[in-house]
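Beneath this line is the structure, given in structure tokens, with notes to follow.
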């Protein structure tokens, strides 16, 4: 009995150590980012940094305004979600309610493959195909907010599809059975019963997809044009927060380097808020089910 107790305690301690390692890693990352980025606000007012539209870190005098990058990040992400949410929800509902047999397994394999493709491959696909298609159909040089949004919509599809499917399947069968028993059609049951019952999970998937999109760097860097200007239309070039960090990091120094870490703080806060929203949605769903 004593030997079994020691083994149980050892395994418990190992799992606790793994959990604490994750917590410590997050704390160290947070401390490092804030320690490196906050000193900029001793020289640049936070309002000028967040709401300034001029980015000239090596100018005389330098200007550190990231409003154009914030707008570009949300412009690209919002447009990507407008494309991916309807398609992802439709595909998730199809997998949960209609797909059967080999075709269902094939479609799931394709979705899993989409999730595993490296972002640089998406970027290369965007350069060769998406940018050319946008240039041909809409004009411009093809490197734009729209091109980046199309690539990001494809990249966020697996998250939205998988969580939509799981959320639909998690709805109690009695709800579906009762709706059909009352004379509703299969489609009426889906959009009047299943989707409302699974809305918390679906919304959580959309928010997670938004987090993936707003934090993406490589694919967007290759197709968005990487111009530090305020985008005014979907065909304008843009630069996102992540693009700004990776573009300037190779030659930045002094306050310029500090400003990139400060940009990382802004991105970190955005992602943190998104995760808190997801947690709140999931807690609300659990309380509602209880």
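The table below lists the values:
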| item | result |
| --- | --- |
| Condition met for residue 146 (assigned by TED's automatic domain parsing to the domain that holds residue 238, in contact (Cβ under 8 Å) with a residue 12 or more places away in the chain and closer than 28 Å to residue 104 by Cα) | no |
| Identity of the residue in region 231-266, touching a residue at least 24 places away in the same chain (Cβ under 8 Å), closer than 21 Å to residue 59 by Cα and part of a loop (DSSP other than H, G, I, E, B), that ends up nearest to the chain's Cα centre (by Cα) | 240 |
| Residue list for region 49-97, filter: without any contact (Cβ under 8 Å) to a residue 40 or more places away in the chain, touching a strand residue (DSSP E or B) at 6+ places or on another chain (Cβ under 7 Å) and not in a strand (DSSP E or B) | 52, 54, 65 |
| From the options 67, 40, residue that is touching a helix residue (DSSP H, G or I) at 6+ places or on another chain (Cβ under 6 Å) and within 13 Å of residue 255 (Cα to Cα) | 40 |
| Test for residue 210: is it under 15 Å from the mean Cα position of the chain (by Cα) and in a helix (DSSP H, G or I) | yes |
| Test: residue in region 272-282 that is within 23 Å of residue 122 (Cβ to Cβ) and surrounded by 20 or more Cβ atoms within 10 Å (Cβ to Cβ) | no |
| Test: residue in region 20-28 that is touching a helix residue (DSSP H, G or I) at 6+ places or on another chain (Cβ under 6 Å), at pLDDT 90 or above and farther than 13 Å from residue 255 by Cα | no |
| Qualifying positions in region 25-42 - closer than 22 Å to residue 62 by Cβ and loosely packed, with under 12 Cβ neighbours inside 10 Å | 35, 42 |
| Single condition residue 55 does not satisfy, out of (1) under 21 Å from residue 251 (Cα atoms); (2) in contact with a helix residue (DSSP H, G or I) (Cβ under 6 Å, 6 or more places away or on another chain); (3) crowded, with 17+ Cβ neighbours inside 10 Å | (2) |
| Qualifying position, being under 26 Å from the mean Cα position of the chain (by Cα), touching a residue at least 40 places away in the same chain (Cβ under 8 Å) and in the same structural domain as residue 213 (by TED's automatic domain parsing), among 134, 128, 110 | 134 |
| Condition check for residue 212: out of contact with any strand residue (DSSP E or B) (no Cβ under 6 Å at 6 or more places or on another chain) and within 30 Å of residue 139 (Cα to Cα) | yes |
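Listed here are the residues, each with its yes/no results for (1) in a helix (DSSP H, G or I); (2) touching a strand residue (DSSP E or B) at 6+ places or on another chain (Cβ under 8 Å); (3) in contact (Cβ under 8 Å) with a residue 12 or more places away in the chain; (4) buried (at least 19 other Cβ atoms within 10 Å of the Cβ).
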site: 155; (1), (2), (3), (4): yes, no, yes, yes
site: 159; (1), (2), (3), (4): yes, no, yes, yes
site: 166; (1), (2), (3), (4): yes, no, yes, no
site: 174; (1), (2), (3), (4): yes, no, no, no
site: 180; (1), (2), (3), (4): yes, no, no, no
site: 188; (1), (2), (3), (4): yes, no, no, no
site: 194; (1), (2), (3), (4): yes, no, yes, yes
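The values are calculated or read from the model by the stated rules, or taken from the named source; none is laboratory data. Model, not experiment: these values are computed from the prediction. Cβ sites come from the backbone with ideal geometry, for glycine too, and all protein chains shown count toward neighbours.
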